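Structure first, commentary second.
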Amino acid sequence: MGTMEVRLPSASSQATIERYVTHMTSQLPAHFAFATLVPWRSPQRPSRLASPDSGSEGHWDTERIASLASECTSLLVPCTFETRYEKSMMKTLMEQLEPHRDLCVFLLQLLEVPRELSREYVQTVMARHDALLAVGADGVLLDPGDNPDELRQKLDIERSWFEATERRAHSMIVFDDDNFQRMLDYHHKLLWEAVPKALMPDFDPIDRNLVETANRVGDYELTNRFNTRSGTVLLAKRSESERVVLKVYDKSDRVSAADLECIHRELCFLRDMLRHPHIVRCCNMCHSFSRVYLTLEFGGMQNLHERLMNQPGYRLDLEDAMDCAMQIAGALAYCHSRDVVHRQVSLEHIIVEDQSETLFCRMVDFYQAALRPESTPSTTLCGDLPCIAPEVALDESYFAKPADCWSLGVVLLEAAGGLGSMRQAVGWPEEAELTPTARRIKNFFSREGSHARALAVVGGVRSEPVLAKLSALLEPRPTARAAMDAIAQSSA
């Protein structure tokens, strides 16, 4: 599981869970067992209970789990899902339960309801509920209550629904392995051959003779792998003087028409439509039966986040920070003039290279980019903290051009003020959930003097030119936010 910071749920949450388990184990029949996602602390430990040990990484007793699985039919897991630790323990528990498929696993989401319900509280509860649903348990009960008879009735209903769904699924899957493989082959041919041939004439056909080895793709020798949040990006060369970057899409991870459309848009934008010195171009593409390769210009070995990690104070000189931001502003203004929006502007998607004692920046990763005229809203959730615009996380629809402008403002703040400026200024925890954090960010920048505080919070940085840009870009109201062309044309 790797090294991780152990942050358990709050003491009150842990006490609530232990009281709940102690009460219910004494009231429910013996075929119900319990598990907690945090180490058990109370001296009185119920007999039908599994919990991780108190080590820094937390481990489950596999023999204990096997014993409960052989004696019981249902495992109840009361939890709050407040922390990454709980989520990690739940993932490990589900892996331990894989051999015991006859054991039904029900997650019980316990709530500490405040006296006055706020929208932020409700959103937090629902976000945790969504995370619980994604675990893959047989059922999730929101606020199960402490009445044993009512809980049994709810569990019986959940189990009946699960068994009925399982029977229906089993009755539908009556074909053998050969038929299943033929279906997969048909889907693959439809998605990667028929659709591009009919609708995407600029999408090259499959190269069935493409060489793919551990150190070579086609004519390119693979020399290095870039650090990325997701996916595979490789440094390659065809000769000593020609370096390129191969962005690799594994087709087993891209199984829908929407996935194909995102790759196709990125290809069209970077190869055919956009020509700007601060946007990495796509030279060509090819694909085998299993992978798609976009061949991109080499723009440098570091992204802006990596560059900041290696700088004194985790920030650039003010002149360099402003220069980088203005380069990207020019690229985005160019995109916006053609109604192209990036939707994932971030430190990781800006590549930096030293040229003649200055930094030269280029934008990369147009996978989520789209054509969006001024009046056309977006609904796709794109981006991550700290660069995501508040309205993208909070609203059902948003306008993507102003959202790009906000994200550039965060890039400038982090580059000039220091890495982590946004988080330290607003003050969100490591386990931050997107929606309440976005509301927190919006409220912070609605207050007078917030931009100066954010710029100075890490290293005491003060700069009127940078503040002017931050005030124009980090404006909580999208309609009042500066347009990208105005930012690009204004003097530093």
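The values are calculated or read from the model by the stated rules, or taken from the named source; none is laboratory data. Note that the coordinates shown come from a computational prediction; the quantities given were computed from them, not determined experimentally. Neighbour counts are summed over all protein chains in view; Cβ atoms, including those assigned to glycine, are modelled from backbone coordinates with ideal geometry. Just so you know, the surface numbers come from the protein's heavy atoms only, side chains and all, with ligands and any DNA or RNA stripped out. Shrake-Rupley method; radii C 1.70, N 1.55, O 1.52, S 1.80 Å.
Rounded if a/c is under 1.5, else prolate if a/b is larger than b/c, else oblate: which is the chain, with a ≥ b ≥ c the root eigenvalues of its Cα gyration tensor? Mind dumping the intermediate values first?
Numbers: a/c = 2.12, a/b = 1.39, b/c = 1.53.
Oblate shape, in that a/c is at least 1.5 and b/c is the bigger or equal ratio.
Whole number please: convex hull volume per residue of the Cα set in the stretch 1-114, in Å³?
Working: hull volume 11.5 nm³, N = 114.
Normalising the Cα hull of the stretch 1-114 by residue number yields 101 Å³.
Just need log10 I(q)/I(0) for the stretch 378-444 at q = 0.18, 0.22, 0.23 Å⁻¹, Debye formula, equal scatterers on the alpha-carbon atoms, no solvent, rounded to two decimals.
Result of the Debye calculation: -0.63, -0.92, -1.00.
Tell me whether the stretch 343-399 comes out rounded, prolate or oblate; compute the Cα gyration tensor, take square roots of the eigenvalues as a ≥ b ≥ c, and use a/c under 1.5 as the rounded threshold.
Numbers: a/c = 3.17, a/b = 2.16, b/c = 1.47.
Prolate, because a/c is 1.5 or more and a/b exceeds b/c.
Return the distance in nm (one decimal) between the two label points of a simple spin-label model at ASP149 and ALA194, each offset 7 Å from Cα along Cα→Cβ.
Between ASP149 and ALA194, the simple spin-label model gives 5.8 nm.
With every atom except the alpha carbons ignored, what do you get for Rg and Dmax of the stretch 407-462, in angstroms?
10.8, 30
For SER290 and GLU63, calculate 0.36 nm times their separation in residues minus their Cα-Cα distance, and state this gained length in nm to one decimal.
Details: separation 227, 0.36 × 227 = 81.72 nm, distance 4.06 nm.
Here the answer is 77.7 nm.
So, with a 1.4 angstrom probe, what is the percent of accessible area on the stretch 61-137 that is carbon and sulfur?
Numbers: 1950 of 3990 Å².
Within the stretch 61-137, the accessible surface is 49 percent carbon and sulfur.
What part of the accessible area of the stretch 198-278, given as a whole %, is carbon or sulfur when the probe is 1.4 angstrom?
Answer for the stretch 198-278 is 48 percent, counting heavy atoms of protein chains only.
Accessible area per residue, 1.4 Å probe, Å², for the chain: what's the number? Spell out each step's value before the answer.
Details: 24790 Å² over 492 residues.
Accessible area per residue, the chain: 50 Å².
Using helices alone, I'd like the mean residue ellipticity at 222 nm for the chain: each DSSP H run of four-plus residues gives -39500 (n - 2.57), total over residue count, nearest 500. Write down the numbers at each step before the final one.
Details: 17 runs with 196 residues, N = 492.
Result for the chain, helices only: -12000 deg cm²/dmol.
Suppose each label sits 7 Å from its Cα in the direction of the beta carbon; what would the ALA480-GLU242 distance come out to in nanometres?
Output for this residue pair reads 5.4 nm.
Karplus couplings for the stretch 412-425 from phi (6.51 cos²θ - 1.76 cosθ + 1.60, θ = phi - 60°), rounded to Hz, Gly and Pro as x?
5, 4, 5, 6, 8, x, x, 4, x, 4, 4, 5, 5, 5
Ordered by packing density, taken as the mean number of other Cβ atoms within 10 Å over each peptide's residues, highest first, how do 212-219, 291-298, 398-405, 76-83 rank? Each step should come with its number before you reach the end.
Details: 212-219: 12.0, 291-298: 20.6, 398-405: 25.4, 76-83: 22.8.
Ranking, from highest mean packing down: 398-405, 76-83, 291-298, 212-219.
Among the listed pairs LYS87/LYS251; LYS247/LYS401; LYS154/LYS251; LYS237/LYS469; LYS91/LYS251; LYS247/LYS469, which have their C-alpha atoms separated by more than 30 angstrom in this model?
Details: LYS87/LYS251 28 Å; LYS247/LYS401 26 Å; LYS154/LYS251 41 Å; LYS237/LYS469 39 Å; LYS91/LYS251 26 Å; LYS247/LYS469 33 Å.
The answer is LYS154/LYS251; LYS237/LYS469; LYS247/LYS469.
Hey, could you grab the Kirkwood Rh for the stretch 434-492? Inverse mean 1/r over distinct alpha carbon pairs, Å, one decimal. Show your work: numbers first, answer last.
On the way: mean 1/r = 0.0803 Å⁻¹.
Roughly 12.5 Å, rounded to one decimal.
From the phi of every residue in the stretch 181-193, what ³J(HN,Hα) in whole Hz does the Karplus formula 6.51 cos²θ - 1.76 cosθ + 1.60 yield, where θ is phi - 60° and glycine or proline is x?
5, 5, 5, 5, 5, 5, 4, 4, 5, 4, 6, 9, 10
If the viscosity is 0.692 mPa s and the temperature 37 °C, what translational diffusion coefficient in µm²/s does Stokes-Einstein give for the stretch 45-102 when Rh comes from Kirkwood over Cα pairs? Don't skip to the end; give the middle numbers.
On the way: Rh = 12.2 Å.
Taking Rh from Cα pairs, D becomes 269 µm²/s.
Which of the peptides 262-272, 311-321 is most tightly packed, and how do the rest follow, judged by the mean count of other Cβ atoms within 10 Å per residue? Don't skip to the answer; put the middle values down first.
On the way: 262-272: 19.2, 311-321: 17.4.
Per-residue Cβ counts within 10 Å, averaged per peptide and sorted highest first, yield 262-272, 311-321.
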